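One structure is given here, and the rest of the page talks about it.
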Amino acid sequence: MSENRQIVSSATHQGELILSIVQNEIPTPNDEEVIVKMEAAPINPSDMFPMLTFADYSKGKLMVDDQQQKMVAPISEQYLDAIRSRLDQILPVGNEGAGRVIAAGTNAKHLGGKLVSLVSGQCYQQFVKVPAAMCLAHKEDTTAAEAASSFVNPITALCFIETLKTEGHKAMVHTAAASNLGQMLLKLCLQENIELICIIRSVEQAELLRTLGAKYIINSMDEDFKEQLVDAMTETSATLAFDAIGGGRMADTLLSSMEHALSRNASGLNTYGSEQHKQVYIYGRLARGPITLGQNYGMYWGAGGWLVTPVLKKLGLRRAAELQARVVNEIKTTFASHITGDLSLLEAIDPVHIARYLPKKTGEKYLIKPQKGL
Ligand SMILES: NC(=O)c1ccc[n+]([C@@H]2O[C@H](COP(=O)([O-])OP(=O)(O)OC[C@H]3O[C@@H](n4cnc5c(N)ncnc54)[C@H](OP(=O)(O)O)[C@@H]3O)[C@@H](O)[C@H]2O)c1
């Protein structure tokens, strides 16, 4: 077999990010494994930090010759401590993707030739070796581009609903709600009759969600944003919020608005606030600054991180399989991702293209096509 090309990321203690394409042998599968010829892998926000860390890619230099294909960019010294645990290591990148199984171990023959999606943490390469149990087989009329985003956003959206049900909330709030994930969540909530308050930050995003059927859309740039939010929370009894923004005061605004809605009709001494638990989960860091909380939520509240993998693990194998089956069946509808462009491995490490995908703009999702341009 020919060689395998792979993007790897290394941050050095001298303050350099080196994003390079390395060549290695295509591995052979053991009895339980398959080799997938990768056709498409999305660049999600959760891929960007492992790939680029705090590097200033605008000062990045692409070096391509017979010996090497790499991009080197500076990382300011102030950030090195925060990424100490990864310094000087060479790390694979690319959480998820899809492709065809080209070799299968003795106990994985049922996947031979199939289009599968997978989560491996090293999908930005031409050939991935992965346990068969980690693969999700897709239908024959599904394309690799469609199947590539089968886990990170679809399963997260589904797990938000699992969290809502498990914790006994009636309705929820979502920030950065016009995101790829936000659109999936909206479709799911409409199907399941769950009231969803969508917080966005532009008129265009509001229009996009309106066309998808959203009832509660609130623009955080509006002067009366907080009043609108309290009104919507009063109407829906939302006591749960998923916040992708992270940095700044959004979590505080969500909690204080919930408390405001719940204690609207309170009278007399209200020392400990409403007795209903209010919960904000910060599940993204679209804004990287400190998270600022206030003090106006009474005593029944929580704020914390939320990650899809442990939530899915807690649900158990059977429920996880049910959610995955739903993704396979609805990959062209509920879980469809709008793709803006395709990048080869080399294009993906080029600062010119990094400038296109790094801003994480609404409706702009890029796929790496590891077989492109060979
Ligand atoms: N914790 C988990 O398990 C988990 C799992 C999956 C995804 N995630 C997170 O989910 C989020 C959405 O992912 P995605 O792939 O759906 O994103 P996406 O399609 O790339 O969309 C990103 C959205 O965020 C908005 N945005 C960016 N920076 C913002 C800011 N500072 N304040 C408010 N809005 C901002 C963008 O709006 P503009 O066009 O206005 O910039 C855009 O609508 C990401 O943060 C990702 O890390 C977390």
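Scanning region 339-374 for residues that are surrounded by 16 or more Cβ atoms within 10 Å (Cβ to Cβ), assigned to a loop (DSSP other than H, G, I, E, B) and within 15 Å of the ligand (Cβ to nearest atom) turns up ILE339, LEU358, LYS360, THR362, LYS365.
Note on region 93-144: among residues that are surrounded by fewer than 20 Cβ atoms within 10 Å (Cβ to Cβ) and hydroxyl-bearing (Ser, Thr, Tyr), the one that is farthest from SER46 (Cα to Cα) is THR106. The lone criterion from (1) small (Gly, Ala, Ser); (2) away from the ligand (no atom under 15 Å from the Cβ); (3) in a loop (DSSP other than H, G, I, E, B) left unmet by ALA336 is number (2). Within region 134-148, residues that are under 16 Å from GLU330 (Cβ atoms) have Cβ atoms under 6 Å from residues that are charged (D, E, K, R) and crowded, with 16+ Cβ neighbours inside 10 Å in these pairs: ALA137/LYS114, counting only partners at least 6 apart in sequence or on another chain. Scanning region 186-203 for residues that are assigned to a loop (DSSP other than H, G, I, E, B) and either on the phi < 0 side of the Ramachandran plot or hydrophobic (A, V, I, L, M, F, W, C) (or both) returns GLU192, ILE194, ARG201, SER202. Region 27-123 holds no strands (runs of 3 or more DSSP E) entirely within its bounds that carry 1 or more residues that are on the phi > 0 side of the Ramachandran plot and aromatic (Phe, Trp, Tyr). Within region 215-253, the set of residues being of a type in the set (D, E, K, R) and surrounded by 22 or more Cβ atoms within 10 Å (Cβ to Cβ) comprises just one member, ASP243. So if I check each of SER179, SER237, which one is assigned by TED's automatic domain parsing to the domain that holds GLY304, hydroxyl-bearing (Ser, Thr, Tyr) and either free of Cβ contacts under 8 Å to residues at least 40 places away in the same chain or in contact with a strand residue (DSSP E or B) (Cβ under 9 Å, 6 or more places away or on another chain) (or both)? The match here is SER237.
Per-residue answers, yes or no, for (1) crowded, with 20+ Cβ neighbours inside 10 Å; (2) of a type in the set (Phe, Trp, Tyr); (3) out of contact with any Cys (no Cβ under 9 Å at 6 or more places or on another chain); (4) in contact (Cβ under 8 Å) with a residue 12 or more places away in the chain:
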| position | (1), (2), (3), (4) |
| --- | --- |
| SER257 | yes, no, yes, yes |
| ALA266 | no, no, yes, no |
| ILE291 | no, no, yes, yes |
| LEU307 | no, no, yes, yes |
| ALA321 | no, no, yes, no |
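Just to confirm my filter: which strands (runs of 3 or more DSSP E) fall fully inside region 245-297 and include at least 2 residues that are more than 12 Å from the ligand (Cβ to nearest atom)? Show your work before the answer.
Details: elements: 246-248, 278-282, 287-291.
Filter on region 245-297 gives 278-282, 287-291.
Does any residue of region 299-311 turn out to be modelled with pLDDT under 95, assigned by TED's automatic domain parsing to the domain that holds LEU254, more than 17 Å from the chain's Cα centre (by Cα) and on the phi > 0 side of the Ramachandran plot? Before you say what the answer is, go through the steps one by one.
Taking region 299-311 as the starting set, the residues that turn out to be modelled with pLDDT under 95 are 299.
Then drop every residue that is not assigned by TED's automatic domain parsing to the domain that holds LEU254, which leaves 299.
Adding the requirement that they be more than 17 Å from the chain's Cα centre (by Cα) leaves 299.
Adding the requirement that they be on the phi > 0 side of the Ramachandran plot leaves none.
No.
The values are calculated or read from the model by the stated rules, or taken from the named source; none is laboratory data. Small disclaimer: the values here were computed from a predicted structure and weren't measured. Here Cβ is always computed from backbone atoms with ideal geometry, including for glycine, and neighbour counts include all displayed protein chains.
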